[in-house]
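Scroll down for the structure; my scribbles are underneath it.
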Amino acid sequence: MNDELDSTRASQPRIVPAGRPPVPVLETIAFGLGGLVLGAGLVTAALQLRPKPAAPVPAPATAPARTSFAALDAVYAAWKEPPPPPACRRAVDADKLATVATDRAALGLLDPPGPEAAYLLARATFAELKSESPALSIALACPGFAAAEHLAGNLALAANQPAEAQRHFTAAVRAAPRFLEARAKLAGLLAQQGQLDEALVQTEAITTADASFAAGWLIRSGIEGKQGKTEASHLHLCRAATLGNAQAQSLAAQLHLACGRPGSP
């Protein structure tokens with residue numbers, strides 16, 4: 001009896017409630033995935049519509065402090081010396097060195113000294129003690145440091161070493177052709193050694209570069225006197241005397257030259 005009922009039920013069509021058609025399994029899965037995709041699309045769209053936070057405005061870059069060498073360069077200008085080449089200088093030292101440029105004790109406290117500080121220490125030592133500071137070797141190790149070469153030449157002259165002095169003055173002039181003090185001392189040494197033509201070339205370069213440099217006219221006058229150029233020698237001696245050079249004024253007086261007066265050289 002039960003078997004008959006089961007076969008009867010199996011043979012009868014399946015009744016589906018009106019208005020609710022059957023949904024195949026694959027469609028159900030696709031609908032579910034589509035819902036997920038749709039939901040994800042809505043979320044993405046919503047995120048895109050949300051206002052984006054403003055990009056942070058970078059703070060203005062702070063330029064590194066630039067140390068000026070102006071105050072220190074003014075010291076060299078007062079000495080009529082060229083400042084060191086850039087490779088021989090340290091910006092961090094500039095302000096300090098400008099205030100202690102002639103203070104031997106304060107300069108000696110800088111440790112380790114750069115080439116420029118070493119030069120200033122050696123210069124102050126020579127000015128105060130008339131002796132050579134070991135620091136000078138640090139300055140001379142920096143190529144093209146004309147003022148250091150000039151100082152080394154002065155020390156060699158003080159030690160009666162003319163050949164050594166000439167070597168250093170030559171190096172100073174090569175590094176700074178308008179370093180007139182070094183060129184004048186080189187011309188004087190050349191004249192003492194009898195190299196009058198070369199010495200005259202040096203003095204002519206001096207007086208051409210700066211006609212107000214009295215020492216140049218004085219040395220030129222002495223060289224021309226040795227060459228027998230008396231008229232030119234007196235003329236240039238008077239130029240030096242007129243510019244206020246005391247030695248030239250004394251020599252002109254000894255020669256009875258009325259420099260500056262009508263008819264005088």
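All of the numbers you see were taken from the coordinates with simple rules; none came from a lab. What you are looking at is a predicted structure, and each value in this text was computed from that prediction instead of being measured. Here the Cβ positions follow ideal geometry from the backbone for every residue, glycine too, while neighbour counts run over all protein chains shown.
A few notes on this one:
- Overall dimensions of the stretch 144-255 as given by Cα atoms, namely Rg and Dmax in Å: 13.7, 42
- Three-way shape label, the stretch 66-207, alpha-carbon gyration tensor, a/c 1.5: prolate
- Subtracting the Cα-Cα distance of GLN195 and THR99 from their residue separation scaled by 0.36 nm leaves 30.3 nm.
- Positive-end ranking of ALA94, PHE126, ALA187 along the dipole of the stretch 92-230, with charges on Cβ about the Cα centre, is headed by ALA187.
- The charge dipole of the stretch 203-263, taken about its Cα centre with unit charges on the Cβ of Lys, Arg, Asp and Glu (plus for the first two, minus for the last two), comes to roughly 120 debye.
- Among SER221, SER250, SER233, the ranking by other beta carbons within 10 Å of each residue's beta carbon, starting with the fewest, stands as SER250, SER233, SER221.
- Working note: Debye formula, equal point scatterers on the alpha-carbon atoms of the stretch 127-167, no solvent; log10 I(q)/I(0) at q = 0.22 Å⁻¹ is -0.70.
- Cα-centre dipole for the stretch 104-187 with unit charges at Cβ (Lys and Arg positive, Asp and Glu negative), debye to 20: 300
- Shape class for the stretch 99-142: oblate, because the ratio a/c of the largest to smallest gyration tensor axis (alpha-carbon atoms, square roots of eigenvalues) is 1.5 or more and b/c is at least a/b.
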